[in-house]
Amino acid sequence: MHTEHGDAADRTVGEVDLTRWRSRAGRSVAGAWTALGKRFGAMPVLLLTLAVGLGVAVLATWIASEVYDAVREADDVAVLDRPVLDWALTLRSPTADTLVTWWTDIAGTIGMPIVALGFLVGFTIQRRAWTPLVLLVAASGGSLLMTIAGKDLIGRARPPLSDAVPPYETSPSFPSGHTLNSTVIVGTIVYLLLLRQSRVVTRVWTIVVGTLFVLSVGASRVFLGHHWLTDVLAAWALGLAWLALVITAHRLYLTALHHGAEPAPDVDRITS
């Protein structure tokens, strides 16, 4: 058995052992998944958990669309959206518009993959394992699927172009893709960083920086008039839900690994 696997050091965050489950339900699921891991290997169990989690996440997206429709029919959405956008209009200036556009592009379809790829290369080299690749690809793929599903299910119009800063966007507004994807991808990166950080202050700063980035991306979407506030709020909620499922899947993988399941081949074995 490959006892010194690249994932072996990922069991704890500080003093918290991720392979210990406090709730009875958690212990039951972990026990079942460990049994599957011993039979089929830890990595197939991780992939199965992510697939199940993705189904749950898509279902959550559908539920969010139903809730949004109910709220929209009651005209409760406008109570938040229009006043916040009007306030954002008062904050604009040519310099602010340029800076915020540059910042929001970091979380766009070009910027976010570059950020994810950079961290992914670093994680793979550091850990000598493929788990970071699996987690980041699953996390980003799931968030993209949730974004597409939400936009197709609801088809909400964006704020008027007269209230937006160019370049304009024409896809449906709900949920905010920039916000949802940055929440999930940056959240996964933060989680992977925390697994190898021994100092409390380093972990705190990692969480603070990641949180501020995600919050600022969401705020930038409203500031630029590319999304309504409720698009961003829903994206944060959906992103955090999917992130929690990804982390839970990884914890189940670590638990199965800790209790003797066969790990996936590490980087050295694949590339040698």
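The values are calculated or read from the model by the stated rules, or taken from the named source; none is laboratory data. In this text the structure is predicted, and so the values were computed from the model without any measurement. Neighbour counts run over all protein chains shown; Cβ positions are idealised from the backbone, glycine included.
Would you say Val186 is closer than 15 Å to Gly239 by Cβ, among the hydrophobic types (A, V, I, L, M, F, W, C) and modelled with pLDDT of 95 or more? Criteria met by Val186.
With respect to the stated conditions, Trp33 fails to be loosely packed, with under 13 Cβ neighbours inside 10 Å and either assigned to a helix (DSSP H, G or I) or at pLDDT 95 or above (or both). Is one or more of the residues making up region 52-74 of a type in the set (Phe, Trp, Tyr), part of a helix (DSSP H, G or I), out of contact with any His (no Cβ under 9 Å at 6 or more places or on another chain) and modelled with pLDDT under 80? Yes, region 52-74 contains a residue that is of a type in the set (Phe, Trp, Tyr), part of a helix (DSSP H, G or I), out of contact with any His (no Cβ under 9 Å at 6 or more places or on another chain) and modelled with pLDDT under 80. The residues of region 108-141 include none that are surrounded by fewer than 19 Cβ atoms within 10 Å (Cβ to Cβ), of a type in the set (A, V, I, L, M) and touching an Asp or Glu at 6+ places or on another chain (Cβ under 8 Å). One residue stands out in region 216-228 among those that are more than 12 Å from Gly239 (Cβ to Cβ) and part of a helix (DSSP H, G or I): the one that is nearest to the chain's Cα centre (by Cα), namely Ser216.
Checking Thr49, Thr98 one by one, the residue that is of a type in the set (Ser, Thr, Tyr), within 30 Å of Leu133 (Cβ to Cβ) and either out of contact with any strand residue (DSSP E or B) (no Cβ under 8 Å at 6 or more places or on another chain) or modelled with pLDDT of 90 or more (or both) is Thr49 and no other.
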